Amino acid sequence: METNNAGSLTISTAFYNDIKIIISEAKTAAVRSVDFQRVLMYWRLGERIFVEEQHGEERAEYGAYLIKNLAKVIEPEFGSGFGIRQLERARQFYRTYPIASAVRTQFNWSQYRLLIAINDDSKREYYELETLNNGWTSRELERQINASLYERLLISNEKETVLAVARKERIPEHPAEIIKDPMVLEFLGLKRQAVYYEKDFESALITHLQEFLLEMGNGFSFIARQKRLLIENDEFFADLVFYNRLLRCFVVIEIKTHKITHNDLGQLQMYVNYFDRYEKLQDENSTVGILLCADKNDTLVKITLPENNTNILTSKYQLYLPSEEALLEEIKDILHLMKDEELNHGKNN
């Protein structure tokens, strides 16, 4: 212990910091415990309601009657958390997760409310696993669901591949398994129809870097903005540079607020080549380039890039949340296109 001029004892900074950590951890654990007890309460309510329902001869009708009348009795006594809608959620919660041991201690009721609203089992499993893997809050989970993350990944990946990565059964091997097209950037707060300078758009992304990393997905770390590349006496500047620990490679992002051209693709290819030759280590994988653009021509991209290209990707940005229906239609169109290409390839062979 230390003494001050008055002779009284003082405590060390290290000791004080340790005490703060102990108190903070205990408070966090207490909150989590309360949250999980609330989850268990709704699970038990759902189980009891479901069992009681089975006593009715016409189950659907009796179930609605049961919940309505139960809410009339308990809501005045226990509050709005026990109204008709919440009791219906509790019943759905039990029916979705009928095994108590499968209920995760890490999740709160707000997160489970979002999960049980998803009817597709595979989709629900994906969001449940990714919430666990990434430590998403209920707000972040809601944003990813509203941004149709699962559907966007299905545009360029098979469902089994997407789930295998979420289950940690496999490590992503190709950039398309991680990079999304389109990227949803509604968090920038920019108007949909406005025209922006690339510099201003880039600044907005940096201002909202945490949200952008969340949209980018697993394993991304920010490296640099306007990374200077000196080639003999010529200077070039790559807009944004990241590193992805899963793919084990640099990721260079070029921003284009117009419809992309073959010149844009050539510029990005040069940046990728530079990083491969002068920045990456021998045990790292080839650099990935992403052209983040307002609009694109997929046929132009295919013709401009080599047929075996896997490292130069284009992604159209959206300043608004996409509709799930539109993305599902896009998935269907892509599957039809892939099938036609396979048929044409078979005929040519």
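The values are calculated or read from the model by the stated rules, or taken from the named source; none is laboratory data. Bear in mind that the values here come from a model prediction, so they are computed numbers and not experimental data. We place every Cβ from the backbone using ideal geometry, glycine too, and count neighbours over all the protein chains shown.
Residue count for segment 175-192, restricted to those that are within 14 Å of Cys293 (Cα to Cα) and free of Cβ contacts under 8 Å to residues at least 60 places away in the same chain: 0. Residue check: is Ser12 at pLDDT 85 or above, loosely packed, with under 11 Cβ neighbours inside 10 Å and of a type in the set (Ser, Thr, Tyr)? The answer is no for Ser12. Could you list all residues from segment 208-251 that are of a type in the set (Val, Ile, Thr) and either closer than 14 Å to Leu292 by Cβ or modelled with pLDDT of 95 or more (or both)? Within segment 208-251, Ile223, Val241, Val251 meet the criteria. Look at segment 284-313: where a residue is farther than 18 Å from Glu173 by Cα and a partner is part of a loop (DSSP other than H, G, I, E, B), sitting 6+ places away or on another chain with Cβ atoms under 7 Å, you get Leu291/Ile260; Cys293/Ile260; Lys296/Ile260. Determine whether segment 21-36 contains at least one residue that is modelled with pLDDT of 90 or more, of a type in the set (D, E, K, R), in a helix (DSSP H, G or I) and in the same structural domain as Gln106 (by TED's automatic domain parsing). No, segment 21-36 contains no residue that is modelled with pLDDT of 90 or more, of a type in the set (D, E, K, R), in a helix (DSSP H, G or I) and in the same structural domain as Gln106 (by TED's automatic domain parsing).
Kindly establish whether Phe250 is touching a residue at least 24 places away in the same chain (Cβ under 8 Å) and aromatic (Phe, Trp, Tyr).
Considered against the rule, which asks whether it is touching a residue at least 24 places away in the same chain (Cβ under 8 Å) and aromatic (Phe, Trp, Tyr), Phe250 comes out as yes.
When Leu190, Leu185, Leu163 are checked against the criterion of being at pLDDT 90 or above, of a type in the set (A, V, I, L, M) and either in the same structural domain as Lys256 (by TED's automatic domain parsing) or within 12 Å of Tyr317 (Cα to Cα) (or both), a single residue qualifies: Leu185. Selection of segment 287-328 for residues being basic (Lys, Arg) and closer than 18 Å to Phe201 by Cβ yields Lys296, Lys316. Does Arg245 qualify as being among the basic types (Lys, Arg) and either in contact (Cβ under 8 Å) with a residue 60 or more places away in the chain or in contact with a Gly (Cβ under 9 Å, 6 or more places away or on another chain) (or both)? Considered against the rule, which asks whether it is among the basic types (Lys, Arg) and either in contact (Cβ under 8 Å) with a residue 60 or more places away in the chain or in contact with a Gly (Cβ under 9 Å, 6 or more places away or on another chain) (or both), Arg245 comes out as yes. For segment 83-110, a residue qualifies if it is crowded, with 20+ Cβ neighbours inside 10 Å and either of a type in the set (A, V, I, L, M, F, W, C) or outside the structural domain of Val31 (by TED's automatic domain parsing) (or both), and the qualifying residues are Leu87, Ala90, Phe93, Phe107, Trp109. Taking segment 118-165 as the range and being of a type in the set (Ser, Thr, Tyr) and either over 18 Å from Ala326 (Cα atoms) or part of a helix (DSSP H, G or I) (or both) as the test, the residues that pass are Ser122, Tyr126, Tyr127, Thr131, Thr137, Ser138, Tyr150, Ser156, Thr161.
Would you be able to tell me the number of residues in segment 266-302 that are farther than 17 Å from Asn244 by Cβ and in a helix (DSSP H, G or I)?
Matching residues across segment 266-302 total 13.
Tell me, please, whether a residue that is within 19 Å of Glu324 (Cα to Cα) and not in a helix (DSSP H, G or I) can be found in segment 188-203. Among the residues of segment 188-203, at least one is within 19 Å of Glu324 (Cα to Cα) and not in a helix (DSSP H, G or I), which makes the answer yes.
Of the residues Tyr243, Tyr196, Tyr274, the single one that is more than 30 Å from Arg139 (Cα to Cα) and either buried (at least 18 other Cβ atoms within 10 Å of the Cβ) or not hydrophobic (A, V, I, L, M, F, W, C) (or both) is Tyr274.
Tally the residues that are touching a Lys or Arg at 6+ places or on another chain (Cβ under 8 Å) and either within 26 Å of Leu291 (Cβ to Cβ) or crowded, with 19+ Cβ neighbours inside 10 Å (or both), restricting the search to segment 128-150. Result for segment 128-150: 3.
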